């Protein structure tokens, strides 16, 4: 698997890496080469072994077998400090920064310039300014980290990696919480780092980014190398084929179908986050409505307000002609709404509980007898049906959801609501962090809901998802609805236009 | 992995340790450990502390904490003592507003007493009646602010200048002048009746009952009852307070049995009937105390959920406030029940169900204190709530991940308030049980460390302080383990100064064990990850 066409010798190589956890083989004989000045994208479905590979490279875990070669010499990393000393830094999906410290203090955390035990703030800030300039981040070193946007925080994390002269930077899903503009800034920075000769390993589910960035793509499948793609071979279809091992000619495309009367009617709702704008929208029975917009456009806030999680400042919500006052999730649930939240790990699931407990949670009340007697039978039936209908892959209904893959976890969250047969299902980022196979299954489930006459309102940051799944698209920009698109109007171009605050060309 | 596998493994582990401890104790000191009294004591203490532990377990399951339990036990115990406080007041008495030494007079408000105006001529025999103030009658002046209490004879009764007030002239004169500056009462006065008859009645071979006879109850003579008291006083100021054991109506009057000292009472003694007054009846007092516990628990819940304070802070303040409140209520003096409730409360707290076991020595009895049955009832109800109702499930769910529970339409605030309320209620119950068991409460020390014992038992029994986990059986076994250790320290004559060290060490081991089990099971679980 060594790329013999490349002119220079690899800076970092791994050969035949094996790693097992009790009962599961995460890596079985993986090879990878990274040269200075190139971007290597590592892709694969969830559970393909990407994370384990990266953790081994960064010294978080040690391999069972296999070699790591640094400039041709075998090395072993006992911990992250060893890896860092060699110049390998992993930038985690979740940022490792202290938001109670300021930018400069974060940059040099653990490595403060000091004189007789006192921090030399002058030198600290001076060096911080230099580091920030390298990543093109224009903020004062004294700014508290909590004031920065997520994108800016990511820049700080990268600047921090550069303060220790990183020679290999590993990005793990860096854009998952960035807006498009922030992501673009990150790509420019990565281009610049490549110019300067830094080797970059880039992990992402977003194939469009990889087409934009990567010099080479390494695909993993079930802990093994599934194939490599050189720069001129990189295409969406090829990457997908290698990842899932079968031919997917086209991204998911929904069949058109008929819709009924309005089920959800939102009139003049103002959210706490954007109280200056009112929002009116309708979703009809059997309709899948997508809300598009940039990160921070107020999509999540709108959904949260409709479900009663956030306070509603004004306006009314009608469900099948009847007014509901979703002042709390209990009310919303009782009225017939369901909500699949954005962050399934903190809001959607109780990770250290079984599939049964999670699927049953929302329905306990409805199935309980008088006096709140638990209906275990119904809970079990609901769970078995959900596992069956949604093809949730779990060894047993008693398995903790923590140990399921992202896609199956998301299905558990959906299963919780489907058991209740809500009239309207609100979904915030229905397929975030879910691999391609599971994505498609989730789309089919959404379509199944629509076919059964339910209304689905979902927000998504992935344009291809919105375009592929939604019957109708609502676009939000800075807290207000800037447009509504149907049929042929739904294109990447029109959505981005509205999402950035533009008007539709008439 | 099975849902409750961690719980089961932990429960088995802690049970094994408990059994091992018992085996060690039976080997080392079989006589004293297996002694009926020791077993009974162990059961009693396990029951008391388990009830407290079950309460705090609910709070811990919702990932909260209650540090105020010990102080709450003390406070509710003090309230029980105050609600059941008994005092004795004369059946008939009048308020005194002014005492004049010069005129030998009292200005009184006769209230319900009948007043017979006139002057006593030293000749006519006075018409004595307990409900009357008449010339020539003996009265007792008492509850004075500054003068001495004592017996006086009324020489004249006349209307005072102020309407409704009466002036009594007394012989001998009161020792001091006393005038209420603000018009409040300064003393009380009660009419006394001469003792009519006194005899000894043999009831058994060498036992005699002393019997007094007083006039038949009527308009002016109170109907005395068993457990009332009598003041017996003579003209020289000697005073005896006697408990009435029994009262019987005879043609001659009310005949009172008492353990009176025959030598003391002679001629020229007078009696005043004292009515036994309880602030509340026993059921009312118990319900009120439970309501106080419940209310304070609910208050914790409200502060945690509506005001969004941290449970640690809320209950830490509770700890200080309740302890201080208890000391202030009781003037920092021990409060108790004396011998007043021997038939009801003490019967319950000291009572036990005794049985011999068919396979054991017939001399040996298993004594199960009644308190243990209270635990059984509480534990069954708690298990029902935790395992068979949706509320229990909700509490466990929100303890693990409050956000996810809220997003699933669960009233997480309400569930937390329920947990704190239950905890407060059970602390109130424990306050009652501990107070009646001890017979008295010393407000500065009662219940000290109880919250820590309860939390420790809950943790040993499998409740994770991270929330979302716990079992009622576990709490009881955890408590039993701690009580056995305690017992061990006493029986093996280990210096009891080291007690806390041992307890702390065991809890630490328990928690380490918990972590190990969790890690091992998590690893096994990951092994079964779906492919």
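General observations
- Test: residue A:242 is at pLDDT 85 or above, crowded, with 17+ Cβ neighbours inside 10 Å and assigned by TED's automatic domain parsing to the domain that holds residue A:19: no
- Conditions (1) part of a loop (DSSP other than H, G, I, E, B); (2) away from chain B (no Cβ under 14 Å); number of the one not met by residue A:446: (1)
- Search result, residues across region A:1-43 that are more than 14 Å from chain B (Cβ to nearest Cβ), at pLDDT below 90 and closer than 20 Å to residue A:433 by Cβ: A:43
- On inspection, residue A:352 passes the criterion of being in contact (Cβ under 8 Å) with a residue 12 or more places away in the chain and in contact with a strand residue (DSSP E or B) (Cβ under 7 Å, 6 or more places away or on another chain).
- Annotation: residue B:443 fulfils all but one of (1) under 29 Å from the mean Cα position of the chain (by Cα); (2) within 14 Å of chain A (Cβ to nearest Cβ); the unmet one is (2).
- Residues that are in a strand (DSSP E or B) and touching a strand residue (DSSP E or B) at 6+ places or on another chain (Cβ under 9 Å) do occur in region A:123-146, at least one of them.
- Residues (more than 19 Å from the chain's Cα centre (by Cα), under 15 Å from residue A:152 (Cα atoms) and either surrounded by fewer than 14 Cβ atoms within 10 Å (Cβ to Cβ) or free of Cβ contacts under 8 Å to residues at least 12 places away in the same chain (or both)) located in region A:90-115: A:98, A:99
- Where residue A:205 falls short, out of the listed (1) outside any strand (DSSP E or B); (2) surrounded by fewer than 21 Cβ atoms within 10 Å (Cβ to Cβ): (2)
- For the residues A:364, A:374, the requirement of being surrounded by 17 or more Cβ atoms within 10 Å (Cβ to Cβ), modelled with pLDDT under 90 and touching a strand residue (DSSP E or B) at 6+ places or on another chain (Cβ under 6 Å) singles out A:374.
- Sole residue being surrounded by fewer than 19 Cβ atoms within 10 Å (Cβ to Cβ) and touching a strand residue (DSSP E or B) at 6+ places or on another chain (Cβ under 6 Å), chosen from A:85, A:67: A:67
- Hits in region A:307-323 - residues which are within 13 Å of another protein chain (Cβ to nearest Cβ) and closer than 23 Å to residue A:260 by Cβ: A:307
- Top-ranked residue of region A:326-350 - restricted to ones that are part of a loop (DSSP other than H, G, I, E, B) and more than 7 Å from chain B (Cβ to nearest Cβ), ranked as nearest to residue A:454 (Cα to Cα): A:336
- Check on residue B:213, assigned by TED's automatic domain parsing to the domain that holds residue B:137 and more than 17 Å from residue B:94 (Cβ to Cβ): yes
- Condition check for residue A:422: at pLDDT 90 or above and either surrounded by fewer than 23 Cβ atoms within 10 Å (Cβ to Cβ) or more than 22 Å from the chain's Cα centre (by Cα) (or both): yes
- Residue match in region B:137-160 (condition: out of contact with any strand residue (DSSP E or B) (no Cβ under 6 Å at 6 or more places or on another chain), assigned to a loop (DSSP other than H, G, I, E, B) and farther than 30 Å from residue B:279 by Cα): no
- Counting only residues that are more than 9 Å from chain B (Cβ to nearest Cβ), farther than 30 Å from residue A:205 by Cα and not in a helix (DSSP H, G or I), region A:358-413 holds 1 of them.
- Any hit, region A:177-185, residues being under 15 Å from residue A:134 (Cα atoms), assigned to a helix (DSSP H, G or I) and outside the structural domain of residue A:243 (by TED's automatic domain parsing): yes
- Of the residues B:520, B:511, the single one that is within 14 Å of chain A (Cβ to nearest Cβ), part of a helix (DSSP H, G or I) and either out of contact with any strand residue (DSSP E or B) (no Cβ under 6 Å at 6 or more places or on another chain) or closer than 30 Å to residue B:307 by Cβ (or both) is B:520.
- Residue ID - surrounded by the most Cβ atoms within 10 Å (Cβ to Cβ), chosen from residues in region B:69-106 that are assigned to a loop (DSSP other than H, G, I, E, B) and within 12 Å of the chain's Cα centre (by Cα): B:84
- Residue match in region A:338-351 (condition: over 14 Å from residue B:407 (Cβ atoms) and crowded, with 17+ Cβ neighbours inside 10 Å): no
- Residue match in region B:52-68 (condition: part of a helix (DSSP H, G or I), under 19 Å from the mean Cα position of the chain (by Cα), away from chain A (no Cβ under 14 Å) and in contact (Cβ under 8 Å) with a residue 60 or more places away in the chain): yes
- Listed by position, the helices (runs of 4 or more DSSP H) contained in region B:366-420 that have at least 2 residues being more than 8 Å from chain A (Cβ to nearest Cβ) and in contact (Cβ under 8 Å) with a residue 12 or more places away in the chain are B:370-388, B:390-400.
- Test result for residue B:445, under 18 Å from residue B:80 (Cβ atoms) and either assigned by TED's automatic domain parsing to the domain that holds residue B:57 or not in a loop (DSSP other than H, G, I, E, B) (or both): yes
The values are calculated or read from the model by the stated rules, or taken from the named source; none is laboratory data. Because the structure is a prediction, the values reported are computed rather than measured. Every residue, glycine as well, gets a Cβ built from its backbone with ideal geometry; the counts of neighbours run over all protein chains shown.
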